[in-house]
Amino acid sequence: MTFENHSHPPIRWHGYQITPIAQSFRFIPARPFGIIWNRPFSVQVETPAGEIYRLPIIDRTRLIQILIFLGGLALVWILKAINRKR
Amino acid sequence: MSNQQAETPQEADLSQSQENVVQSAVEFMQETMDQFMATADVNAVYGETIKHQGNLIIPAAEVVSIMGFGAGSGTGFNEDRNAGSGIGGGGGGKSFARPVAVIVAGEHGVEVKPVVDFTKIYLTAFTTLGFITAAWLRMRRGR
């Protein structure tokens, strides 16, 4: 089970150097079986002035899905608490 | 008297064809495994760059790949004590890809614009709503 970051070859555009970075999760317990989850992680940008910064890539769809799920769990917990008091 | 008897031409042909089948199965598995491992490559996540109206667009997607293989062989005897052998194998796999964001580079800088999949969000919302309703009904019955 490994987590690895891989960098894309840098792309130059209008003086900016853009390096997309991906993060992969590998779970290969036995050679003929495995799961690989590969996702965009961040973008490293080098400005024409030489400043380097990183922009994170946030998966909004997943974030909203997790929030809905956690909201549902919280609501069930509140309903249970109200039900016990009665 | 030796237990091992000389192979007849038919048996030799059968043995050779079985070896060929095993060899081609191993090659196919190796090829599929290589394709599977390519999922972990950075190029699987970031697509081809697109130039549009002075901007550079790089699409980014999440890729999930699941794969499994299995193979086996065996020998046995039937009721008439005739020996036989067999080999078999199987496998399956699936790859999913979903757009996550686009990286837009222009004259004034680089931006990451998220891609929101509303269908997935609606499905999650309805599923969660179903669970909440089921839990609430169970609580009411339990009173």
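State the percent of C-alpha pairs, over all pairs in chain A, separated by a distance greater than 16 angstrom. Here the long-distance tail beyond 16 Å is 71 percent of all Cα pairs in chain A. Across A:47, A:61, A:19, mean-square fluctuation computed from a Gaussian network of chain A (C-alpha pairs under 10 Å connected) peaks at A:61. For region A:19-39, the residues whose amide N sits under 20 Å from a probe point set 7 Å from the Cα of residue B:96 along the beta carbon direction are A:23-29, A:33-39. In order along region B:73-79, the Karplus-derived 3J(HN,Hα) couplings, from 6.51 cos²θ - 1.76 cosθ + 1.60 at θ = phi - 60°, round to 9, x, 10, x, 10, 8, 4 Hz, and Gly and Pro are given as x.
For the protein assembly as shown, treating each Cα as an identical point scatterer without solvent, what Debye log10 I(q)/I(0) comes out at q = 0.08, 0.17 1/Å? Calculated log10 I(q)/I(0) at the listed q: -0.57, -1.18.
Between region B:28-72 and region B:109-132, what is the C-alpha centre distance in whole Å? So the two Cα centres are separated by 23 Å.
Take B:103-110, B:30-37, A:34-41 and order them by the average number of nearby Cβ atoms within 10 Å per residue, most first; the result is A:34-41, B:103-110, B:30-37.
Pair-distance distribution P(r) for chain B, from all Cα-Cα distances in 5 Å bins starting at 0: 2, 7, 9, 9, 9, 8, 8, 8, 8, 7, 7, 6, 5, 3, 2, 1, 0, 0 percent. If the chain linking residue B:127 and residue B:31 were pulled fully straight, counting 0.36 nm for each residue of separation and taking away their Cα-Cα distance, it would gain 30.7 nm. Share of carbon and sulfur in the accessible area of the protein assembly as shown stands at 58%, probe radius 1.4 Å. Evaluating 6.51 cos²θ - 1.76 cosθ + 1.60 at θ = phi - 60° for every residue in region B:28-35, the Karplus couplings come out as 4, 5, 5, 5, 5, 4, 5, 5 Hz, glycine and proline recorded as x.
Loop-located GluC sites (Glu not before Pro) across region B:33-82 with a Cβ neighbour count of 13 or fewer within 10 Å are B:48, B:79, with loop assigned by DSSP. Taking 7 Å steps out from each Cα toward its Cβ at residue B:136 and residue B:113 produces label points 3.9 nm apart.
Computing FRET efficiency as 1/(1 + (r/R0)^6) for residue A:30 and residue A:86, where r is the C-beta to C-beta distance and R0 is 41 Å, gives about 0.20.
Neighbouring Cβ atoms from other chains, within 10 Å of the Cβ of residues in B:91-97, number 1 on average.
Segment residue B:38..residue B:51, full-extension length gain: 2.1 nm, with 0.36 nm per residue of separation and the alpha-carbon distance subtracted.
The values are calculated or read from the model by the stated rules, or taken from the named source; none is laboratory data. Here the structure is a predicted model, which means the values were calculated and not measured. Note that we place each Cβ from the backbone using ideal geometry, even for glycine, and neighbour counts take in every protein chain shown. In case anyone asks, the SASA skips ligands and DNA or RNA and just uses the protein heavy atoms, side chains included. Shrake-Rupley method; radii C 1.70, N 1.55, O 1.52, S 1.80 Å.
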